[in-house]
Ligand SMILES: Cc1cc2nc3c(=O)[nH]c(=O)nc-3n(C[C@H](O)[C@H](O)[C@H](O)COP(=O)(O)OP(=O)(O)OC[C@H]3O[C@@H](n4cnc5c(N)ncnc54)[C@H](O)[C@@H]3O)c2cc1C
């Protein structure tokens, strides 16, 4: 699992994931539909629209073709089937693969693919105008040492540079 969505989720859920020792199930709603019924309607619409076409050649959903083929195979759905040939069981499987596709997570990726460390010195213990510790005057904190998780995309660098600048400038003046 990678990409912007999973990066954000792993940042927002960092503490929960740590508690679970990175062993958990993840359910993916590929079409961003709010209900199972809405996905069922989309599948039914595809059946009426593409009846005679093979499901492997007709991906009516907003997911990449390679992912579509992968999901069909993951759920043991014969990709040679035509839309009109889907029985009730296969239709249910298709709704499941699009709506609550399940994966077992068993750990993090290797070190260095993590962008920012969750946790650190609490911001409430730091004077934000000077970055000086409120608990131990004379010590200044910046960057990763602070409990800032700026979500990937540049905010962590900005936080490190800004807090480093403030701490460096004010601690030396
Ligand atoms: C793979 C990856 C991709 C990233 N991509 C982005 C991104 O796209 N955008 C973004 O905003 N942020 C990104 N980050 C996060 C960003 O790099 C960090 O938040 C930022 O560099 C933190 O700066 P820092 O100076 O606080 O800490 P660091 O850059 O970690 O600097 C700490 C320094 O202290 C040194 N050090 C450690 N212990 C000691 C010791 N005992 N004595 C002396 N020196 C020591 C280390 O060697 C290191 O040089 C990424 C991080 C990683 C790992």
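Bear in mind that the values in this text are calculations on the coordinates, not laboratory data. Being a predicted model, the structure only gives us computed values, none of them experimental. Note: ideal-geometry Cβ built from the backbone for every residue, glycine included; neighbour counts use all protein chains shown.
Entry note, the chain: the mean residue ellipticity at 222 nm calculated from DSSP H runs of n ≥ 4, each adding -39500 (n - 2.57), is -12500 deg cm²/dmol after division by the residues and rounding to the nearest 500. In this simple spin-label model, placing a label point 7 Å from the Cα along the Cα-to-Cβ direction at both residue 124 and residue 82 gives a separation of 6.6 nm. Extension gain, residue 35-residue 155: 0.36 nm per intervening residue step, less the Cα-Cα distance, totals 39.8 nm.
Between residue 136 and residue 105, the FRET efficiency from the beta-carbon distance, with R0 = 35 Å, is close to 0.35. Normalise the Debye intensity by I(0) for the stretch 123-172, one equal point scatterer per Cα, no solvent, then take log10 at q = 0.24 Å⁻¹ and round to two decimals. Treating every Cα as an identical point scatterer, log10 I(q)/I(0) equals -0.83.
For the stretch 23-106, the Kirkwood radius over C-alpha pairs fed into Stokes-Einstein at 4 °C and 1.567 mPa s yields D = 99 µm² per second. Given their separation in residues at 0.36 nm each and the Cα-Cα distance between them, residue 27 and residue 6 gain 6.4 nm when the chain is fully extended. Spin-label model, residue 63 to residue 144: label points 7 Å out along the Cα-to-beta-carbon direction sit 3.6 nm apart. The stretch 1-147 gives an Rg/Rh value of 1.21, both radii derived from C-alpha positions and Rh following Kirkwood.
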